[in-house]
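Q: Please read through the structure below; I'll follow up with questions.
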Amino acid sequence: MFKRRLKSFLVSRYPWALAAGAVLACAFPNIGLAGLAWIAPALILLPAAGRSPKMTFRLGYAAGLAHYLISLSWLLRIPVIGAPILGWAALSAFMALYPGVWVWLTWRQFPGRLGEGGPPANLAELAKRFLTTSWSQRFMWCLFSAALWVALEMMITRFLGGFPWNLLGASQYRMVPLIQIAAYTGVYGVAFLIVWFAVSLLCGALAIIGRPALRSAWAAEAILPLTVVAFTYASGYWQVMRPTPPGPELKLALIQPSIPQTVIWDAHSSSNRMQQLLDLSRAALTNHPDVLIWPEGVVPGVPRYQPDLSAALSDLARSNHLWLIIGADDAKLPPNATSWEDGEYYNSSFLLAPDGGFDAVYKKRQLVIFGEYVPLVRWLPFLKYLTPIQGGFTPGTGPVPFKLNEPKANLSVLICFEDIFPDFAREYAASDTDFLINLTNDGWFGEGAAQWQQAACAIFRAVENGLPLVRCANNGLTGWADAHGRLRNHLETPEHGIYGPGFLIVRVPLLDPANPRVETYYHRYGDRFGWLCVAFAAFPILRTLRRRKSTAPPAP
C-alpha cells in the first residue's frame with residue numbers, strides 16, 4: 001500500500017511543485033541565488049497547467065509550503081523545547097496559502113481552455129493548447145499574474161498584523177540599480193517586474209515548443225518585460241552613480257554583544273551582561289563617537305525604575321559627553337492597578353543626553369505574535385503554553401523622534417522586525433529625519449539565516465524613503481545602508497562572521513541645510529502602486545464572478 005502510494009506521488013505533479021518551491025527559497029539568504037527568483041514563479045505555475053481548480057490550488061500550496069519550510073527553517077533555532085517546530089510548521093502552512101491562491105487564480109483567469117479534453121499529456125500538447133490564445137490575451141494574463149502577486153503581498157503585509165518577511169522583491173537586495181524602482185513603487189514594484197518577466201518567459205518557452213520552426217517565437221512573449229527590466233536597471237544605475245555632495249556626518253559606535261537568548265532570559269546573568277556591554281563600549285569610546293548605540297533586549301531590567309541601572313547609564317553618557325541610545329524594557333502602572341503584576345510593559349528604546357538625562361523614549365508598536373504577546377490569551381489560556389514568553393508587552397502609540405542638539409541631528413528608531421513593514425516604516429521618515437535606526441535582537445536564532453533575511457527586507461526601507469538606515473543588532477547584521485540601499489559597512493569577524501561580539505564605528509551623512517532632502521514618490525504617496533495592482537487584479541476576478549452569477553440557472 002505504501003509503495004503504491006509513494007509511486008503514485010512520484011509520478012504526480014507534486015514533486016515538481018515542491019522542487020519549484022525549493023528553487024524560490026534558494027533565492028533568499030543564506031543561499032541567496034537572486035537569479036532563481038526570476039524563474040521561480042514560472043516553475044511554480046507550470047505543474048498546475050491544465051489541471052482542475054482544486055488541483056491547481058493544491059500544487060500551488062505544495063510549492064508555497066516547500067518554500068516557507070526551507071526559508072523559515074531558522075525558526076527551529078529558537079531555544080525552546082517543542083514550541084519552535086510547532087511555530088515553524090504552523091506559520092509555513094499558513095503562509096503557503098498565498099502561493100496556492102496565486103496559482104489557482106492565475107490559471108483560472110487564463111484566457112484559453114488548457115484543461116479541455118483532460119489535462120495535457122506532455123509539454124508539446126500543453127504548448128499547442130496554450131498558443132490557441134492571442135498574443136494580447138497572453139500579454140494581459142502575464143500582467144494580471146504580476147498584479148495578483150503584488151496584491152497578495154499587500155495582504156501578507158497587513159492581514160492579522162502582517163508578516164512581510166521574504167517578500168519576493170527582497171531577494172534582489174544586492175541588485176542596487178534594479179531596486180531603485182522601490183523609491184516609486186515600494187518593494188512591490190520589484191516583485192511585479194520579477195513575476196511579469198518569469199511568466200512571460202514561461203509563455204516564450206511554450207511558444208518555442210509549440211512553434212519549433214520559428215526561432216524567434218519567444219521574442220514576442222518576453223521582449224517587452226525584458227526591455228522594461230533593462231530600462232529600470234539602467235535608470236537605477238544612473239541614479240546610484242550620481243555624485244553625492246559632501247555634507248555633515250554623525251559618528252556612531254554600534255555595539256553588538258552577541259548575547260544568546262538563553263542568557264538574556266537568565267536573571268542571574270544580568271551583571272555579566274551589563275559588564276560585557278560596558279567593556280565593548282569602553283573599547284569603542286576610544287574612537288570618540290558622537291553617539292553610542294546598544295541593540296534591543298540586551299539591557300537587563302527596567303532602567304527608569306532601577307536607580308543603580310539608571311545611574312550607571314547616565315554616568316556612561318555624562319562621563320564621555322555623548323548621546324546614548326539603548327534598547328530596554330519600560331513599564332507603567334495604570335491608575336486602577338494595585339501592583340506591578342497589573343502593570344503595562346513595553347519593549348522600548350531610550351535616548352540619553354550628554355548630561356545623563358533621559359531625553360526620549362520610543363515604545364515598540366508592531367509586536368511579534370507569540371513572541372511579545374499572545375492573542376486571545378484571556379479567552380484561551382492554554383495558548384500561553386505554546387510560547388517562550390511569560391507575560392506580554394503593550395504596544396506603543398506612535399513614532400517618537402530622537403532629537404540631538406549638539407551635533408544637531410534628528411533620528412527615528414524602529415525596534416526588532418518593525419523595519420520589514422514598508423508603509424509602517426514610512427511613518428517614521430519625517431521630512432527632517434536624518435536617518436532611520438533599527439535596534440534588533442536576533443540572538444533568538446543563533447547563527448541562522450534570519451539575520452540576513454531581515455537585513456535584506458530592511459534595506460528597502462532606505463530606498464523607499466531616501467534615507468540611510470543604521471542597524472544595531474545583538475547578533476546579526478550590524479552596519480548601515482545608504483539612501484540607495486547600498487550596504488556600506490557591517491560588522492564581521494574572521495571567527496564568527498556577522499554573528500560574533502564586537503563594535504563598529506560608522507560615519508552616517510546628515511541632512512545639509514543648504515540642500516534639503518527631496519522626498520521620494522513612495523514616501524509622499526505610499527502604496528499607490530500596490531493598491532493599483534490590487535484593483536487591476538480584482539477587476540477581472542469580479543467580472544468573472546459576475547458573469548457566472550448572471551449565467552447560473554435559476555434556483556428551483
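Q: Only one of PRO111, PRO99, PRO120, PRO79 is in contact (Cβ under 8 Å) with a residue 12 or more places away in the chain, assigned by TED's automatic domain parsing to the domain that holds PHE536 and touching a Lys or Arg at 6+ places or on another chain (Cβ under 7 Å); which?
A: None of the others qualify; the one that does is PRO120.
Q: Those residues that are among the hydrophobic types (A, V, I, L, M, F, W, C) and in contact with an Asp or Glu (Cβ under 8 Å, 6 or more places away or on another chain), I need them from segment 478-515; list them, please.
A: ILE498, VAL508, LEU510, LEU511
Q: Just to verify a result, which residue in segment 481-498, among those that are in a loop (DSSP other than H, G, I, E, B) and closer than 23 Å to GLY526 by Cβ, is nearest to the chain's Cα centre (by Cα)?
A: Narrowing segment 481-498 to residues in a loop (DSSP other than H, G, I, E, B): 482-486, 491-492, 494-496, 498.
Still in the running and closer than 23 Å to GLY526 by Cβ: 482-485.
Working: ASP482: 18, ALA483: 18, HIS484: 17, GLY485: 14 Å.
Ranking the candidates gives GLY485 first.
Q: Restricting attention to segment 463-512, and to residues there that are out of contact with any strand residue (DSSP E or B) (no Cβ under 9 Å at 6 or more places or on another chain) and more than 27 Å from ASP279 (Cα to Cα), which single residue is surrounded by the most Cβ atoms within 10 Å (Cβ to Cβ)? Don't jump to the end; show me each part of the working.
A: The initial filter retains those residues of segment 463-512 that are out of contact with any strand residue (DSSP E or B) (no Cβ under 9 Å at 6 or more places or on another chain), namely 464, 466, 484, 486, 494-495, 497, 512.
With more than 27 Å from ASP279 (Cα to Cα) added as a condition, the list becomes 464, 466, 484, 486, 512.
Values: GLU464: 28, GLY466: 17, HIS484: 22, ARG486: 16, ASP512: 12.
Filtering first and then ranking leaves GLU464.
Q: Please name all residue pairs, on different chains or six or more residues apart, with Cβ atoms under 7 Å, provided the first residue is in segment 485-496 and is within 15 Å of PRO257 (Cα to Cα) and the second residue is polar (S, T, N, Q).
A: HIS490/THR478; LEU491/GLN256; LEU491/THR478
Q: While we're looking at this one, here's another question. For residues that are closer than 14 Å to ILE78 by Cα and surrounded by 15 or more Cβ atoms within 10 Å (Cβ to Cβ), scanning just segment 256-270, find the one that is modelled with the highest pLDDT.
A: Among residues in segment 256-270 that are closer than 14 Å to ILE78 by Cα and surrounded by 15 or more Cβ atoms within 10 Å (Cβ to Cβ), the one modelled with the highest pLDDT is ILE259.
Q: Being within 30 Å of PRO260 (Cα to Cα), at pLDDT 85 or above and out of contact with any Ser or Thr (no Cβ under 6 Å at 6 or more places or on another chain): is that true of PHE94 here? Walk me through how you get there before you give the answer.
A: Working: within 30 Å of PRO260 (Cα to Cα): yes; at pLDDT 85 or above: yes; out of contact with any Ser or Thr (no Cβ under 6 Å at 6 or more places or on another chain): yes.
Taking the combined requirement at face value, the residue satisfies it.
Q: Going by the structure shown, is LEU250 under 30 Å from ALA284 (Cα atoms) and under 26 Å from the mean Cα position of the chain (by Cα)?
A: Numbers: under 30 Å from ALA284 (Cα atoms): yes; under 26 Å from the mean Cα position of the chain (by Cα): no.
The answer is no for LEU250.
Q: Across segment 155-171, which residue is nearest to the chain's Cα centre (by Cα) among those that are assigned to a helix (DSSP H, G or I) and buried (at least 24 other Cβ atoms within 10 Å of the Cβ)?
A: Among those residues, the one meeting the criterion is ALA170.
Q: List the number of the failed condition for TRP107; all other conditions in (1) within 30 Å of the chain's Cα centre (by Cα); (2) crowded, with 18+ Cβ neighbours inside 10 Å; (3) part of a loop (DSSP other than H, G, I, E, B) hold.
A: Among (1) within 30 Å of the chain's Cα centre (by Cα); (2) crowded, with 18+ Cβ neighbours inside 10 Å; (3) part of a loop (DSSP other than H, G, I, E, B), the lone unmet condition for TRP107 is (3).
Q: Only one of (1) under 22 Å from PHE350 (Cβ atoms); (2) in a helix (DSSP H, G or I) fails for ASP423. Which number is that?
A: Every listed condition holds for ASP423 apart from (1).
Q: Mind checking which residues of segment 431-456 are at pLDDT 90 or above and of a type in the set (Gly, Ala, Ser)?
A: Selection gives ALA449, ALA450, ALA455, ALA456.
Q: Here's a follow-up. Within 17 Å of SER136 (Cα to Cα) and modelled with pLDDT of 95 or more: which single residue out of PHE197, PHE231 fits that description?
A: Only one candidate qualifies: PHE197.
Q: Look through PRO257, PRO300 and report the one residue that is in contact (Cβ under 8 Å) with a residue 24 or more places away in the chain and either more than 19 Å from GLY356 (Cα to Cα) or among the aromatic types (Phe, Trp, Tyr) (or both).
A: PRO257 is the lone residue from the list that is in contact (Cβ under 8 Å) with a residue 24 or more places away in the chain and either more than 19 Å from GLY356 (Cα to Cα) or among the aromatic types (Phe, Trp, Tyr) (or both).
Q: Of the residues that make up segment 75-84, is at least one at pLDDT 90 or above, aliphatic (A, V, I, L, M), surrounded by fewer than 22 Cβ atoms within 10 Å (Cβ to Cβ) and assigned to a helix (DSSP H, G or I)? Lay out the reasoning, then the answer.
A: Residues of segment 75-84 that are at pLDDT 90 or above, as a first pass: none.
No, that holds for no residue.
For every residue, the table says whether it meets (1) crowded, with 16+ Cβ neighbours inside 10 Å; (2) out of contact with any helix residue (DSSP H, G or I) (no Cβ under 8 Å at 6 or more places or on another chain); (3) hydrophobic (A, V, I, L, M, F, W, C).
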| site | (1), (2), (3) |
| --- | --- |
| ALA183 | yes, no, yes |
| TYR188 | yes, no, no |
| LEU193 | yes, no, yes |
| PHE197 | yes, no, yes |
| LEU202 | yes, no, yes |
| ALA207 | yes, no, yes |
| ALA219 | no, no, yes |
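Q: Could you grab me the full set of residues in segment 437-480 that are among the aromatic types (Phe, Trp, Tyr) and assigned to a strand (DSSP E or B)?
A: TRP480
Q: For segment 429-450, state whether one or more residues are out of contact with any helix residue (DSSP H, G or I) (no Cβ under 9 Å at 6 or more places or on another chain), closer than 24 Å to PHE159 by Cα and surrounded by fewer than 24 Cβ atoms within 10 Å (Cβ to Cβ).
A: No, there is no match, as no residue in segment 429-450 is out of contact with any helix residue (DSSP H, G or I) (no Cβ under 9 Å at 6 or more places or on another chain), closer than 24 Å to PHE159 by Cα and surrounded by fewer than 24 Cβ atoms within 10 Å (Cβ to Cβ).
Q: For LEU278, indicate whether it is in the same structural domain as GLY500 (by TED's automatic domain parsing), in a helix (DSSP H, G or I), of a type in the set (A, V, I, L, M, F, W, C) and surrounded by fewer than 18 Cβ atoms within 10 Å (Cβ to Cβ). It would help to see each step written out before you state the result.
A: Working: in the same structural domain as GLY500 (by TED's automatic domain parsing): yes; in a helix (DSSP H, G or I): yes; of a type in the set (A, V, I, L, M, F, W, C): yes; surrounded by fewer than 18 Cβ atoms within 10 Å (Cβ to Cβ): yes.
In short, yes.
Q: Quick check on this structure: which one of ALA207, ALA220, ALA213 is assigned to a loop (DSSP other than H, G, I, E, B), modelled with pLDDT under 90 and over 30 Å from GLY186 (Cβ atoms)?
A: Of the residues listed, the single one that is assigned to a loop (DSSP other than H, G, I, E, B), modelled with pLDDT under 90 and over 30 Å from GLY186 (Cβ atoms) is ALA213.
Q: Tell me whether segment 439-454 contains one or more residues that are of a type in the set (Ser, Thr, Tyr) and within 26 Å of ASN515 (Cα to Cα).
A: No, segment 439-454 has no match at all.
Q: Select from segment 29-57 the residues that are without any contact (Cβ under 8 Å) to a residue 60 or more places away in the chain and touching a Gly at 6+ places or on another chain (Cβ under 7 Å) and write down the one among them that is nearest to ALA93 (Cα to Cα).
A: Of everything passing the filter in segment 29-57, PHE57 is nearest to ALA93 (Cα to Cα).
Q: Now a separate question. Please work out which residue is nearest to THR286 (Cα to Cα), limiting yourself to segment 499-515 and to residues that are in contact with a Ser or Thr (Cβ under 7 Å, 6 or more places away or on another chain) and part of a loop (DSSP other than H, G, I, E, B). Give the steps one after another, and end with the answer.
A: First, pick out the residues of segment 499-515 that are in contact with a Ser or Thr (Cβ under 7 Å, 6 or more places away or on another chain): 499-502, 504.
Next cut, part of a loop (DSSP other than H, G, I, E, B) only: 499-501.
Details: TYR499: 23, GLY500: 20, PRO501: 17 Å.
The qualifying residue nearest to THR286 (Cα to Cα) is PRO501.
The values are calculated or read from the model by the stated rules, or taken from the named source; none is laboratory data. What you see is a predicted model, and the numbers here were worked out from it, not measured in a lab. Here the Cβ is made from the backbone with ideal geometry for all residues, glycine too, and neighbour counts use every protein chain on show.
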